[in-house]
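First comes the structure, then the notes that go with it.
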Amino acid sequence: MLKYLLSLCISTFLLAGAAFAEPIQTGEPFPDITLTGNQTSAQQSYLGLSGNGPWNLTDIKADYVVVEIFSMYCPHCQAEAPLVNELFTALKKSKSAASIKLIGVGVGNSNFEINFFRKKFQVELPLFDDLDFKIHAETGDPGTPHFFLVKLNGNNKPQTALSFAGRMENPTQFLKTLQDAAK
């Protein structure tokens, strides 16, 4: 129970902290974050990854990666989960399927919590844990949810093509926004 209350307090802090934090903005460099967590063979294949990880963001085989920063304790993230699922499905069926990939990073969440969120909300996209808030800090302590469209530049540093705070209103329109930013 104490662990639940602590996680709830941390998630509330993440949401409240969004007004004071300065997440990475469009046009700024993006860190080559380290990704950990259990991924199915289908999820690894989707990202072009192999092995058990950890992986770096730049290991993903795509031109762009959408990184959703979320927390399983965030009520906005819970409400957003079905829309993110729709976005993932639409993206996989779109003309951008090979060039734009979508992942989620659960800040303050363990692999157990990520898997609970995945099962409860029937999430198929790859989700990675960030129990120690390292990725959260590296990305500028964004509130949850927050979406980054990151351009992977081969041997050059990743670049933020879009930084979007809050919930998307419409997955189809958001996909178009992502595709426009990826041009």
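The values are calculated or read from the model by the stated rules, or taken from the named source; none is laboratory data. Note that this is a predicted model, so its numbers are computed, not measured. All Cβ positions, even for glycine, are placed from backbone atoms using ideal geometry, and neighbour counts span all protein chains on display.
Pairing residues of segment 39-61 that are farther than 18 Å from Gly106 by Cα with residues that are acidic (Asp, Glu), at Cβ distances under 7 Å and at least 6 apart in sequence or on separate chains, gives Leu49/Asp59; Thr58/Asp32.
Could you tell me how many of the residues in segment 42-65 are at pLDDT below 95 and among the polar types (S, T, N, Q)? So the answer is 2.
When the test is whether a residue is crowded, with 20+ Cβ neighbours inside 10 Å and of a type in the set (A, V, I, L, M, F, W, C), Leu83 does not pass it.
Within the bounds of segment 71-80, is there any residue that is in contact with a helix residue (DSSP H, G or I) (Cβ under 6 Å, 6 or more places away or on another chain), under 22 Å from Thr40 (Cα atoms) and surrounded by 16 or more Cβ atoms within 10 Å (Cβ to Cβ)? Can you show your working first?
First, pick out the residues of segment 71-80 that are in contact with a helix residue (DSSP H, G or I) (Cβ under 6 Å, 6 or more places away or on another chain): 71-74.
If we keep only those that are under 22 Å from Thr40 (Cα atoms) too, we end up with 71-72.
Next cut, surrounded by 16 or more Cβ atoms within 10 Å (Cβ to Cβ) only: 71-72.
Yes, some residue in segment 71-80 is in contact with a helix residue (DSSP H, G or I) (Cβ under 6 Å, 6 or more places away or on another chain), under 22 Å from Thr40 (Cα atoms) and surrounded by 16 or more Cβ atoms within 10 Å (Cβ to Cβ).
Annotation: Phe112 fulfils all but one of (1) surrounded by fewer than 23 Cβ atoms within 10 Å (Cβ to Cβ); (2) farther than 15 Å from Pro31 by Cβ; (3) free of Cβ contacts under 8 Å to residues at least 60 places away in the same chain; (4) within 16 Å of the chain's Cα centre (by Cα); the unmet one is (4).
Any residue at all in segment 84-92 that is in contact with a His (Cβ under 8 Å, 6 or more places away or on another chain) and not β-branched (Val, Ile, Thr)? Explain how you work it out, then say what you get.
Step one: filter segment 84-92 for residues in contact with a His (Cβ under 8 Å, 6 or more places away or on another chain), giving none.
Scanning segment 84-92 turns up no residue that is in contact with a His (Cβ under 8 Å, 6 or more places away or on another chain) and not β-branched (Val, Ile, Thr).
Of all residues in segment 22-48, those being out of contact with any helix residue (DSSP H, G or I) (no Cβ under 9 Å at 6 or more places or on another chain) and of a type in the set (Asp, Glu) number 2. All of Ala81, Ala90 fail the test of being of a type in the set (Gly, Ala, Ser), part of a helix (DSSP H, G or I) and either within 26 Å of Asp132 (Cβ to Cβ) or at pLDDT below 95 (or both), apart from Ala81. If you go through segment 60-76 and keep only what is within 12 Å of Ile114 (Cα to Cα) and part of a loop (DSSP other than H, G, I, E, B), you end up with Ser71, Met72, Tyr73. Only one of the listed residues (Thr160, Thr89, Thr172) is surrounded by 18 or more Cβ atoms within 10 Å (Cβ to Cβ) and of a type in the set (Ser, Thr, Tyr). That residue is Thr160.
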